[in-house]
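One structure below.
The values are calculated or read from the model by the stated rules, or taken from the named source; none is laboratory data. Bear in mind the structure is a predicted one, so any value in this text is a computation, not a measurement. Using ideal geometry, Cβ is built from the backbone for each residue, glycine included, and neighbour counts are taken over all protein chains shown. Each accessible area value is taken on the protein alone, full model and side chains, heavy atoms only, with ligands, DNA and RNA left out. Shrake-Rupley method; radii C 1.70, N 1.55, O 1.52, S 1.80 Å.
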Protein chains: 2
Amino acid sequence: MIRTIASALVALALTLPLAAQEAPDALAPGEIVAAAAPRDWIRIAPEDLLVMTLAPAADGSAREVVIQLMPPPFSQGWIANIRTLARAGWYDGISVNRVQDNYVVQWGDPNHDNPETEGEAKALPEELRAIGARDYTASTLPMTGKFDDLLPRFLERFPDFAEKFPEVRDLSTAEFGSSIRKSLNPDPYAEANLLVEGWPFGYDLKGGKAWPVHCYGMVGVGRGMSPDTGSGAELYTVIGHAPRHLDRNIALVGRVVEGIEHLSSLPRGTGALGFYEDPAQRVPIRSIRVASDLPAAEQPRFEYLSTESESFARYAEARANRRDPFFIVPAGGADICNVPVPVRRVSTE
Amino acid sequence: MIRTIASALVALALTLPLAAQEAPDALAPGEIVAAAAPRDWIRIAPEDLLVMTLAPAADGSAREVVIQLMPPPFSQGWIANIRTLARAGWYDGISVNRVQDNYVVQWGDPNHDNPETEGEAKALPEELRAIGARDYTASTLPMTGKFDDLLPRFLERFPDFAEKFPEVRDLSTAEFGSSIRKSLNPDPYAEANLLVEGWPFGYDLKGGKAWPVHCYGMVGVGRGMSPDTGSGAELYTVIGHAPRHLDRNIALVGRVVEGIEHLSSLPRGTGALGFYEDPAQRVPIRSIRVASDLPAAEQPRFEYLSTESESFARYAEARANRRDPFFIVPAGGADICNVPVPVRRVSTE
């Protein structure tokens, strides 16, 4: 599913002198998103949306969380398990058991891998697959291959880049210039960090590996000490500064696209790792459904701003270089988790 | 206050092959902190602690937040104002008015700079100082000077480094090696990011500038469009992924060292920017006091783990390279906001 080089455009946007940079009335990132053309928005398949319904809040208001599952080639073993669990009704009646400040909210069977169990663990469907550490990275897509392959493809796809930075044509790939280096958005965690087809990825360029990264709101699979112990029955989402040390150590399977406030504002657990010490503190989960299994009229519809669109490139550039009136010093860059992919709910009509 | 080169030790720890790297029973970062010697902990002066008491929670439990103010040379104009406001009792009776998910919690006078005012703004003490954008960075300390000065001082201070990486002796400062480059922990926001005397700083090495960075829990001064409109009467703390684009655009004055969960778990505001639309949603602040103004027996006592200590270096290295049993792939680095400075409450006896 993932186009290879298109991803680079987005990263480039963090450094290229786009027209917006000179505009005296520079737009804020949100204004750029609001002005994006309809063609820049991509519908999320209902098969890739989970609707999680929590018990109502104390004031009786509904609490619904919508999660987008990641497309191939990432984490598909776990994602198949998650759809199986949802379709078996297995998640209905589990609960949010752990809320650790500046880290994660985690939900699952409170009698499985929980310090405060008080009964038998719920039996899992038999058809779940066991998936191991090999699936925490993908060696195929996106932007596969050795770094030596990158520059020529980069230039072929983006002739404008070579026009603006003619020096790159003379560089060997081993000594690629600081402009290209910066456009790959390196950080302490990865040589390159790029937004591709709606998702944030880290890259080991020499090894030709890619992996999804733990940004705020990303959803992953809880596991025990052994890498193959996570089935998808226990899930968590990030509610703090990106815990990138978890990248490649736990499977990411998606992200919250609506309703994260119902999780991030829950009281923090006072037990070890933020587990609730009193079972009464757990938040019941009424159900988790795959949106495509709901009656058509009840299926939520969401779109994301194509990370390959010109609008997204301008948005990402503006996130990295704020010029709207409040700002004095543009940062000159943005880490990948500070460029959240815009997602919007659209009418079902 | 800030020693210059000591800071580099901490950054180095992210890459140096410390003994811990080879240990089969590698300690988790928290275990390293727990084992730190008493001499590695530094007392926070009571003059630098603010105690903020919120109205009790719905269940009647107390809600207290403790904030550590930043030492010189950073933000002292605003910090002087904050002490003045606290000592005038000005903060007593204000409220938390804004809670924006993955961003900030903000408190102040709801009738000042708030979309939902319903009365006169509270008069400010006359002796407050106006402070402008020039104070968002410091050009003196820490680690002042041009980057050309850095390497020789670095080697003088850390002969071990040169022993381990002898190639650095031959490098001109203009072409310093990738090891040193990595040890400065560059990221998309700054050429260097170092923890110095307990605080996270970004550095413009060529310009000889330093500034505190917006990590989770840092506390800053709300302002209007003009950079000199923030007095210290309106404050915020970060409750999401580090919004580093705010660095050098707003004054940071400290960080929450205890009780941030009382702010981060508040219901999100549904108005623009997360402001509460209904005044009844605001959380009353009973008082904010400078700890040194409290009776001695009521003064909370806190210590932070010296960022210049060997224990901290080992902790930072372990944050960047997790080898405790859960982990499969050490990240190989950590962004500065993912190395929070350990702080602990100590007995008042």
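Taking strands (runs of 3 or more DSSP E) that fall entirely within the range A:193-242, which contain at least 1 residues that are within 13 Å of chain B (Cβ to nearest Cβ) and at pLDDT below 85?
So the answer is A:199-204, A:209-212.
Out of A:329, A:253, A:343, which single residue is at pLDDT 95 or above, open to solvent by 30 Å² or more (accessible area, probe 1.4 Å) and of a type in the set (A, V, I, L, M)?
Numbers: A:329 fails: at pLDDT 95 or above; A:253 fails: open to solvent by 30 Å² or more (accessible area, probe 1.4 Å).
When all the criteria are applied, what remains is A:343.
Within the range A:85-114, which residues are modelled with pLDDT under 95 and under 23 Å from residue A:243 (Cα atoms)?
Passing the criteria: A:113, A:114.
Taking the condition on the phi < 0 side of the Ramachandran plot and surrounded by fewer than 16 Cβ atoms within 10 Å (Cβ to Cβ), does residue A:279 pass?
Yes, satisfied.
Filter the range A:83-105 down to the residues that are within 14 Å of another protein chain (Cβ to nearest Cβ) and assigned to a strand (DSSP E or B), then identify the one that is most open to solvent (accessible area, probe 1.4 Å).
Per the stated criteria, the residue is A:98.
Of everything in the range A:243-293 that's more than 9 Å from chain B (Cβ to nearest Cβ) and among the charged types (D, E, K, R), which residue is nearest to the chain's Cα centre (by Cα)?
A:255
Quick one: count up the residues across the range A:243-268 that are assigned to a loop (DSSP other than H, G, I, E, B) and under 19 Å from residue A:69 (Cα atoms).
7
Given the range A:280-349, what strands (runs of 3 or more DSSP E) lie entirely inside it while holding 1 or more residues that are touching a Cys at 6+ places or on another chain (Cβ under 8 Å) and within 27 Å of residue A:80 (Cα to Cα)?
none
Name every residue in the range B:1-41 that is at pLDDT 50 or above, surrounded by 17 or more Cβ atoms within 10 Å (Cβ to Cβ) and aliphatic (A, V, I, L, M), in order of residue number.
Across the range B:1-41, the qualifying residues are B:26, B:27, B:28, B:32, B:33, B:36.
Mind telling me which of the residues B:246, B:263 ends up being without any contact (Cβ under 8 Å) to a residue 60 or more places away in the chain and open to solvent by less than 20 Å² (accessible area, probe 1.4 Å)?
Among B:246, B:263, only B:246 is without any contact (Cβ under 8 Å) to a residue 60 or more places away in the chain and open to solvent by less than 20 Å² (accessible area, probe 1.4 Å).
Evaluate the range A:311-322: report whether one residue or more is closer than 30 Å to residue B:334 by Cβ, more than 13 Å from every other protein chain (Cβ to nearest Cβ) and open to solvent by less than 10 Å² (accessible area, probe 1.4 Å).
yes
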